[in-house]
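Inspection log for the structure reproduced underneath, given as structure tokens.
The values are calculated or read from the model by the stated rules, or taken from the named source; none is laboratory data. This structure is a prediction, so every number in the text was calculated from the model and none was measured. Cβ: placed from backbone, ideal geometry, glycine included. Neighbour counts: every protein chain shown. Note: areas computed on protein heavy atoms with side chains; ligands, DNA, RNA excluded. Shrake-Rupley method; radii C 1.70, N 1.55, O 1.52, S 1.80 Å.
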Amino acid sequence: MKQYGYFDDDVREFVITDPATPWPWINYLGCEDFFSLVSNTAGGYCFCKDAKFRRILRYRYNGVPMDSGGRYYYIKDGDSVWNPGWKPCKTPLDRYECRHGMGYTRIIGEKGGLRCEVLFFVPQGGRCEVHRVRLTNTGAAVKRVQLWSFVEWCLWNASTDMENFQRNLSTGEVEVGDRILYHKTEYRERRDHYAFFGVNRPFDGFDTDRETFLGPYNGFDTPQQVFAGTSDNSVAHGWSPVASHRFDLTLEAGKSEELIFVLGYVENPPEAKFSALGIINKAPAEELLEAFGTPAKADAAFAALKGYWDGLLGRFQLESAVPELDRTVNIWNQYQCMVTFFMSRSASYFESGIGRGMGFRDSNQDLAGIVHLIPDRARQRILDIAATQFPDGGCYHQYQPLTKRGNHDIGGGFGDDPLWLIFGTVAYIKETGDFSILEEKVPFDNQPGTEKTLLEHLKISFARVADNLGPHGLPLIGRADWNDCLNLNCFSDNPDESFQTTENKTEGSRAESLMIAGLFVAEGKDFAELLSQPAVSADPAYVDEVREAVSRMETAVKQHGWDGEWFLRAYDYYGRKIGSSENAESKIFIESQGWCGMARIGADEGLCDKALDAASKYLECEYGLVLNAPAFSSYIKDYGEISSYPQGYKENGGIFCHNNPWVIIAEAMAGRADDAWRHYCKISPAFAKDQSLRKVEPYVFCQMVAGAEAAHPGEGKNSWLTGTAAWTWKTVSEFILGIKPQYDGLLVEPCIPQHIGSYRVRRRFREAEYDLTIRLTGKGGSFRIPYRPGFQALEIEL
Ligand code: BGC
Ligand code: NOJ
């Protein structure tokens, strides 16, 4: 079982010791509006605000070799040419280490008595990456070495950068300063922004034209300038602009040299765009280099960044007897929640940063992972999302981060979407106690003049589902519910059209979803509870209406949604059952067991326990619970994309980690601690043993792990950006450890195996700081802590 790295919890890092990981293992830098993806070989790119329209570095998704493009430092030491991150030259190193930490990555390469350490981070308050490059001569003799930096610019729009060569190969423009190389393509016309790559001392040579630097037909692994020990001082005109500085260095024995590079982005006010005709106003770039461009300043910015993360993660810290659990809770799960919140589903090594905006449902769910960390940003996000709702309660399925406007290509019509606004808002208010958000005026479809309070938005969200029921009194699914691939009103046999947006039946949407039914009951109960808070002066008659709609839905589920051993998944367009023992394939699905279980529908009659037993019996495999079983073995036009995947992958029998927590929470609500714990451990990366099998980063959850019916069960995919992050956080913090934020305080109600014995949670909650020691005595039950600001240490026996 080959391993590629290990956790170093004391410094909150994952340490990669072999650069040839099965798939690039990446990290994210940035926590404001400048973000970077950086792999264990320094691959990746950065962007400001929007990964499609403000892409700064060019990156070749799907390239060969994989992970091509990044911030590369080349070293020439005698005849040996190498990179500290091993790639792109892949010269064998005497030592390699990559440490991915909270918002930074440190890569160390060593060869022939020379050590190069590069620290990459995005400082707070600066739209840039800082690269602190430290070269150390570890030998006994003087060394003369050369260092080249190298980045390749993306011509801003990541999509047209890959398409419109007849134009792009003629647009590239750069300027060269004495420490800074500027990328100003399209600045002459409608762009007020440019990028730059600067360094804190004058260089000995530079290149800005790619082919001049690399040499025709060469790859990044054989740059001709580096091998020749030169630079050409090339100035790009069109073609592919790059930025490379060269330094000729003399290193005394045992001595180090430190260079600070700043790779940044500048937006100028239109009136101060130029300093002379066609010459960009460089002052902001020079200021940015000045701000971070000494070792002391870079170190101070790095220390501030560390302080930021220490403060954030300090808001919830666990000490238990299970190191894998502590590691997940204290470090990586919270970190992944932050990254997922920032990126939504846009930019990862599985998401190109081009195709998808911010999902209405995704972004609402992501809130559950970060409301306790960055409540102000959560508040703004809720208001942004709500503003993409339509007056009839439907909503754009996605919106674009740069404009915050709804995405017309996809439009709306996903049956579950509106309910997630209730989910997100409830999570926010329970955490913060900030009821004032309900009074915020929010427009519809971002149209000025249409504003209503957020509370009104929630009401129409609820009504949108309550008033759109199908023949069995169950919610209409629309284009799809949470499962984007269950396309029951689509009927596509044309490979060139979208499963989600094709509409070819005149009667429109008729299929019904049990997943939405469960979601409706769960969120309806939450909504009624919210409306009943003293701070919300809701009309009692309206609250009764909500409760009645919820209760009618429960009845409908019990009457039409129970298959005997588990909850059905849906009724198709023709009113036939899906997810029933009567079906030949996919007799059972996970989503309805999870949601009806969390909604506790029919709990008193034993339905929830039965459904959870069935989930374990039919869906559980070594690596988690698969989405449906048995998976579809051929394409079924009536069901859509779900049946397009080979068995065991993605929504067709994959372990779709996002929905495992729903079952785990339902297990916890049913008081079944051992089942909850077992399911939780199976999908948690910290408990996964085989890094080679899993392939993707061992420190983050995946969207999908190949299921039992796949060729390689246990293989992970789509790491990082997934609702799994927020849902596993909610699961572990609220339902396993049992620290549940309530409107008036915390409720401690763990559901954790007895053998864990006791644990300690230090948790910031609004203006309170709790230090809770929880001893599991076996008596169970819960403990209520009314909110009061200040410090409180409590010992709780349950
Ligand atoms: C994926 C889904 C995703 C959808 C988005 C599908 O191909 O399988 O997971 O939600 O695309 O449109
Ligand atoms: C990923 C999408 O981002 C999410 O919105 C969807 O619910 C799941 N896939 C399941 O299809």
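Among the residues of the stretch 716-741, how many are out of contact with any helix residue (DSSP H, G or I) (no Cβ under 6 Å at 6 or more places or on another chain), open to solvent by 10 Å² or more (accessible area, probe 1.4 Å) and more than 15 Å from Cys337 (Cβ to Cβ)?
Looking only at that region, the number is 2.
Checking Gln703 against (1) out of contact with any His (no Cβ under 8 Å at 6 or more places or on another chain); (2) within 16 Å of ligand 1 (Cβ to nearest atom), which single condition isn't satisfied?
Gln703 satisfies every listed condition except (1).
Condition first: in contact with an Asp or Glu (Cβ under 7 Å, 6 or more places away or on another chain), assigned to a strand (DSSP E or B) and either of a type in the set (Ser, Thr, Tyr) or free of Cβ contacts under 8 Å to residues at least 60 places away in the same chain (or both). Now tell me which residues in the stretch 1-59 satisfy that.
Residues satisfying the conditions are Ser36, Ser39, Gly43.
Within the bounds of the stretch 685-702, is there any residue that is touching a strand residue (DSSP E or B) at 6+ places or on another chain (Cβ under 6 Å), closer than 21 Å to Gly594 by Cβ and surrounded by fewer than 23 Cβ atoms within 10 Å (Cβ to Cβ)?
No, because not a single residue in the stretch 685-702 is touching a strand residue (DSSP E or B) at 6+ places or on another chain (Cβ under 6 Å), closer than 21 Å to Gly594 by Cβ and surrounded by fewer than 23 Cβ atoms within 10 Å (Cβ to Cβ).
Enumerate the pairs (first residue in the stretch 699-716 and free of Cβ contacts under 8 Å to residues at least 40 places away in the same chain; second residue anywhere and of a type in the set (Asp, Glu)) with beta-carbon separation below 9 Å, excluding pairs fewer than 6 apart on the same chain, so at least 6 apart or on different chains.
Correct list of pairs: Gly716/Glu697.
Go through the stretch 354-393 and give me each residue that's under 19 Å from Ser461 (Cα atoms), touching a residue at least 60 places away in the same chain (Cβ under 8 Å) and among the small types (Gly, Ala, Ser).
Result: Ser363, Ala368, Ala386, Gly393.
From the list Gly780, Gly745, which residue is open to solvent by less than 50 Å² (accessible area, probe 1.4 Å) and touching a Phe, Trp or Tyr at 6+ places or on another chain (Cβ under 6 Å)?
Working: Gly780 fails: touching a Phe, Trp or Tyr at 6+ places or on another chain (Cβ under 6 Å).
Sole residue among the options that is open to solvent by less than 50 Å² (accessible area, probe 1.4 Å) and touching a Phe, Trp or Tyr at 6+ places or on another chain (Cβ under 6 Å): Gly745.
Hey, among the residues in the stretch 418-467 that are farther than 22 Å from Glu548 by Cα and among the aromatic types (Phe, Trp, Tyr), which one's most open to solvent (accessible area, probe 1.4 Å)?
Phe435
I'd like the residue in the stretch 402-417 that is open to solvent by 40 Å² or more (accessible area, probe 1.4 Å) and of a type outside the set (A, V, I, L, M, F, W, C) and, out of all such residues, is nearest to Ala378 (Cα to Cα).
It comes out as Lys404.
Hey, among the residues in the stretch 470-505 that are more than 14 Å from ligand 2 (Cβ to nearest atom) and of a type in the set (Val, Ile, Thr), which one's farthest from Phe520 (Cα to Cα)?
Filtering the stretch 470-505 for residues that are more than 14 Å from ligand 2 (Cβ to nearest atom) and of a type in the set (Val, Ile, Thr), the one farthest from Phe520 (Cα to Cα) comes out as Thr502.
Do you know which residues across the stretch 275-321 are open to solvent by less than 20 Å² (accessible area, probe 1.4 Å) and among the aliphatic types (A, V, I, L, M)?
Ile280, Ala285, Leu289, Ala298, Ala301, Leu305, Leu312, Leu313, Leu318
Can we say Ala614 is surrounded by 24 or more Cβ atoms within 10 Å (Cβ to Cβ), away from ligand 2 (no atom under 16 Å from the Cβ) and assigned to a helix (DSSP H, G or I)?
no
So, in the stretch 691-733, exactly how many residues are part of a loop (DSSP other than H, G, I, E, B) and among the aliphatic types (A, V, I, L, M)? Lay out the reasoning, then the answer.
So in the stretch 691-733, the residues part of a loop (DSSP other than H, G, I, E, B) come out as 695-701, 706-715, 720-723.
From what's left, among the aliphatic types (A, V, I, L, M): 696, 700, 706, 708, 710-711, 721.
Number of matching residues: 7.
Among the residues of the stretch 142-156, is there at least one that is surrounded by 15 or more Cβ atoms within 10 Å (Cβ to Cβ) and not in a strand (DSSP E or B)?
Here is the first cut: in the stretch 142-156, the ones surrounded by 15 or more Cβ atoms within 10 Å (Cβ to Cβ) are 143, 145-156.
From the residues that got through so far, the ones that are not in a strand (DSSP E or B) too are none.
The answer is no; no qualifying residue exists.
Of all residues in the stretch 630-649, how many are surrounded by fewer than 22 Cβ atoms within 10 Å (Cβ to Cβ), within 26 Å of the chain's Cα centre (by Cα) and either assigned to a loop (DSSP other than H, G, I, E, B) or away from ligand 2 (no atom under 16 Å from the Cβ) (or both)?
2
What are the pairs with Cβ atoms under 6 angstrom where one residue, in the stretch 638-659, is of a type in the set (A, V, I, L, M, F, W, C) and the other, located anywhere, is part of a helix (DSSP H, G or I) and modelled with pLDDT of 95 or more? Sequence gap at least six, or different chains.
Cys657/Ile683; Cys657/Thr724
Restricting the stretch 328-351 to residues that are polar (S, T, N, Q) and within 14 Å of ligand 2 (Cβ to nearest atom), which is farthest from Thr160 (Cα to Cα)?
Top of the filtered list is Thr340.
Within the stretch 322-331, which residues are of a type in the set (A, V, I, L, M, F, W, C) and surrounded by 21 or more Cβ atoms within 10 Å (Cβ to Cβ)?
Hits for the stretch 322-331 are Leu325, Val329, Ile331.
For the stretch 485-495, what are the residues that are open to solvent by 40 Å² or more (accessible area, probe 1.4 Å) and either touching a residue at least 12 places away in the same chain (Cβ under 8 Å) or within 15 Å of ligand 1 (Cβ to nearest atom) (or both)? Show your work before the answer.
First pass over the stretch 485-495, keeping only residues open to solvent by 40 Å² or more (accessible area, probe 1.4 Å): 493-495.
Within the stretch 485-495, Asp493, Pro495 meet the criteria.
Hey, could you check the stretch 332-384 for residues that are among the charged types (D, E, K, R), under 15 Å from Phe35 (Cβ atoms) and surrounded by fewer than 22 Cβ atoms within 10 Å (Cβ to Cβ) and say which is nearest to ligand 1 (Cβ to nearest atom)?
Glu351
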